[in-house]
Structure formats: structure tokens, C-alpha cells
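The values are calculated or read from the model by the stated rules, or taken from the named source; none is laboratory data. No experiment lies behind these values; they were computed from the predicted model shown. With ideal geometry, Cβ positions are generated from the backbone for all residues, glycine too; neighbour counts draw on all protein chains shown. All accessible areas refer to the heavy atoms of the entire protein, side chains included, with ligands and DNA or RNA removed. Shrake-Rupley method; radii C 1.70, N 1.55, O 1.52, S 1.80 Å.
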Amino acid sequence: MSKISDLLQYIPVGERLGELFYANWMVVVSIGLLVEMEASMLSIVAVTIVAFSVNVVWGIIDGVTVMYGMVIGRIQRNDVIKRLHEGDASARADAKSYLEDTIVDSLDEDDMDIVIDLISKSKQVEDCGSRPLKSDIGYALGIIFLDSVMVIPLLLPLYLMPDYHNAVYTSHMISVVIFTIIGAAYAKRLNRNIWKTAVIFAIMGTILATLVYQSGW
């Protein structure tokens with residue numbers, strides 16, 4: 001468990017919730033393929049392969065692209081700092097733009113000038129290369145882990161329950177419960193009504209599962 005928590009520490013809570021939301025959604029759609037298949041263990045194995053493949057590939061794409069996005073952002077930020085040290089006039093405008101994009105709610109124009117002046121006078125500049133840092137790699141691996149682990153609880157009923165349709169129904173109900181928990185977690189961190197948001201997410205999950213089942217996605 002400690003290794004998992006070490007991995008997830010690099011991912012902000014909001015992004016964890018978003019990743020779980022989409023991972024849950026994708027597994028439900030993958031399981032919907034069973035509606036058009038013959039009820040057999042071979043069909044379940046096939047859908048298992050599809051579900052894991054879709055979520056792992058999506059996790060790799062999402063994790064790696066965001067990882068390198070963070071590397072690019074760090075390079076650009078450090079370039080601005082170096083230019084500030086060199087007295088580049090245009091760097092000041094770029095620094096203000098960066099501050100506005102990150103912490104604008106807590107800084108007014110005068111505060112930004114003070115921060116930029118302090119950065120300009122600082123002695124130390126981070127040596128930033130194009131290779132991902134440990135935190136960047138941890139972010140990507142954490143995303144892949146979240147997308148992959150979401151497959152397991154939704155597929156378990158298909159292997160544990162003998163009745164094919166009841167197993168799919170149970171899987172959908174587990175998905176709705178997960179949607180509900182995610183909605184409550186969002187509401188708690190956004191200072192919204194937890195029960196109302198949880199119910200909205202539960203309804204949304206139920207509609208998704210119903211549409212998937214009826215259309216045979």
C-alpha cells in the first residue's frame with residue numbers, strides 16, 4: 001500500500017478523480033460488448049482483454065502526454081527565470097503571464113512585481129533538462145495504475161456469478177456506486193452539496209449503463 005501511495009502522491013486529487021471517472025466510463029463501454037456476444041467464458045475473456053487494453057493504452061497516452069507537458073512547462077518556466085536574470089525586458093511580461101495562469105487569485109499587480117523582482121535578484125537557477133524527473137515518471141505510472149485497476153472490480157462479477165445477465169447487471173451497479181463515490185468526492189473538495197452531487201453522478205452512471213446495455217456498445 002505504501003508503494004501505491006508513493007506513486008499517487010505525484011497526482012493531484014482532482015486529476016485522480018477525473019482519471020477514475022473516465023476509466024470507469026471506458027470499462028462500462030467495453031463490458032457492453034458482451035450484449036452482442038454469446039454467453040460464454042470465451043466472451044468474458046475477450047471483453048477482459050479489450051477492457052484492459054483500452055484502459056492501459058489510454059493510461060499510457062494520457063500519462064505520457066501529461067508527463068512531457070510538465071517537462072515542457074518546466075523548461076519554459078526556467079527559460080523565463082534565466083531571461084529575468086539576464087535583464088531581458090520581454091521576460092517580465094512572460095513572468096506575469098505565468099503568474100496570472102497559476103496563482104492570479106492570490107496576487108495583484110503590485111504583488112506580481114514584487115515576486116518578479118525577487119526572482120530577478122535570486123542567485124540560483126534550476127538546471128532543467130528535457131528528461132522527465134522522478135515526479136514526472138511517477139505521475140505517468142500513477143495514471144496507468146488508476147486506469148488499469150478500475151477494470152478489476154467491474155469485471156469480477158463476470159467471473160464470480162454463473163448467470164451471465166445478472167453478472168453484467170451487477171457490474172453496472174458497481175460502476176454506478178463508483179460514480180456516486182466519485183461525485184461525492186468532487187463535491188467535498190468543491191464545497192458543494194455532497195448528497196445532491198452524488199445523486200447526479202449516480203443518475204449519470206445509471207443512464208450510461210442502460211444505454212450501453214441497450215445499444216450493445
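Go through Arg16, Arg74, Arg83 and list them by solvent-accessible area, largest first, probe radius 1.4 Å.
Arg16, Arg83, Arg74
Extension gain Asn191-Tyr68, at 0.36 nm per residue separation less the Cα-Cα distance, in nm? It would help to have the intermediate numbers written out before the result.
Working: separation 123, 0.36 × 123 = 44.28 nm, distance 3.18 nm.
Here the answer is 41.1 nm.
Provide Thr48, Thr180 ordered by accessible surface of protein heavy atoms (probe 1.4 Å), highest first.
Largest accessible area first, the residues go Thr180, Thr48.
Between Val57 and Arg16, what length in nm is gained on full extension when 0.36 nm per residue of separation is reduced by their alpha carbon distance?
Working: separation 41, 0.36 × 41 = 14.76 nm, distance 1.71 nm.
Working it through step by step, the gained length comes to 13.1 nm.
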query = Spin-label point model (7 Å from Cα, Cβ direction): what's the Val199 to Asn166 distance in nm?
reply = 3.1
